[in-house]
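The values are calculated or read from the model by the stated rules, or taken from the named source; none is laboratory data. Quantities reported herein were computed from a predicted structural model and do not represent experimental measurements. Positions of Cβ are backbone-derived with ideal geometry, glycine not excepted, and every protein chain shown enters the neighbour counts.
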Amino acid sequence: MRRRLSRRRAGEAGAGLRATEAHLRKEKNSAKSAAIRVGVGGWTFAPWRGAFYPQGLPHAQELAYASAHLTSIEINGTFYRTQTPATFRKWAQETPDGFMFSVKGPRYVTHRHALKEAGESIRRFCDSGVVELGDRLGPILWQFAPTKKFNEADFGGFLELLPREWAGHALRHVLEVRHDSFRTAGFTALLRAFDTPVVFTEHRTYPAIADVTGSFIYARLQMGEDSVPTGYPPAALDAWAQRVHIWAAGQEPDDLPRVEPDRHASVRPREVFVYFIHEGKVRAPAAAMALIERLRRA
């Protein structure tokens, strides 16, 4: 049965991480951590005006404001419609150095019966100008419908189609699956063969898979509440800060569910992307900023 970290257990979560944290402290002089990026999904959301964005801030300045307070944003618009090279360049120009987007791949690729036949659609997306984000381009997120079940041959064919380079720019890919059939060693082994991460999803319904199968970590935290000023309670944010540091240093948190709990990835620093999404959306920026502050203090 899938284990979930409930809010009632959030205050106890740090206990399960202390041994790993102590180990990391012992090695802090010899081990390095990779970059950590924290943000939200999208930046155009009317209820954020006055809650996150200052009253009266022109809508055209919202991306610049958000990127000054967060370290990453997941672009959602690319899932629904094709963008232009000029749009990607504009987004890159409005964000500071060091900021990075992740980009959601279009649904005309992921929401199809035969994924292994998506080659032309993947090329169309890559040709839309996504590499115009330049050094602001982070992972490409391929999000599948909750009804999409695991088929090893089809997903293997899909992974073979994903380009690792386009127009001289390196591309990284991550898969978000939402059906319990993916909780199998066949899926994690397939991802590992292609050095492709699976999204760790904290959600009431979707499967939580914390197996490390690629060279970076991608987490989408979807259990926030608008009644909590920081989206997540302070104890839960403390626990997530610990887990993120563990991931970045190349270790694995021992309190998250894995398909293959006895199999561990190689210990090496990994870049970490964390996004506060969906439930508690009004407070999502506050949650992201609170986590960023905890990570900076540690």
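When Val212 is tested against (1) among the aliphatic types (A, V, I, L, M); (2) surrounded by 22 or more Cβ atoms within 10 Å (Cβ to Cβ); (3) in a helix (DSSP H, G or I), only condition (3) is not met. Contact annotation: residue pairs with Cβ atoms under 7 Å, 6 or more positions apart or on different chains, pairing a residue in region 39-66 that is touching a residue at least 24 places away in the same chain (Cβ under 8 Å) with a partner that is basic (Lys, Arg), are Phe45/Lys281. Screening Thr188, Thr184 for residues that are touching a Ser or Thr at 6+ places or on another chain (Cβ under 9 Å), among the hydroxyl-bearing types (Ser, Thr, Tyr) and surrounded by fewer than 21 Cβ atoms within 10 Å (Cβ to Cβ) leaves exactly one candidate, Thr188.
Here region 219-247 is the region considered, the condition is being part of a loop (DSSP other than H, G, I, E, B) and touching a strand residue (DSSP E or B) at 6+ places or on another chain (Cβ under 7 Å), and the residue that is farthest from Arg183 (Cα to Cα) is Gly231. So is Asp226 surrounded by fewer than 16 Cβ atoms within 10 Å (Cβ to Cβ), at pLDDT 95 or above, over 17 Å from the mean Cα position of the chain (by Cα) and closer than 19 Å to Arg204 by Cβ or not? In short, yes. When the residues of region 266-285 are narrowed to those that are surrounded by fewer than 21 Cβ atoms within 10 Å (Cβ to Cβ) and within 20 Å of Leu141 (Cβ to Cβ), which ends up modelled with the highest pLDDT? It comes out as Glu271.
Within region 98-113, the set of residues being more than 20 Å from the chain's Cα centre (by Cα) and modelled with pLDDT of 95 or more comprises Tyr108, Arg112. Go through (1) closer than 23 Å to Phe182 by Cβ; (2) in a loop (DSSP other than H, G, I, E, B) one by one and return the number of the condition Gly250 breaks. Condition (1) is where Gly250 drops out. Mind listing whichever residues of region 210-235 are of a type in the set (Val, Ile, Thr) and under 17 Å from Leu295 (Cβ atoms)? Across region 210-235, the qualifying residues are Ile217, Thr230.
Among the residues of region 99-140, those identified as aliphatic (A, V, I, L, M), crowded, with 18+ Cβ neighbours inside 10 Å and more than 15 Å from Pro85 (Cα to Cα) are Met100, Val109, Leu115, Ala118, Ile122, Ile140.
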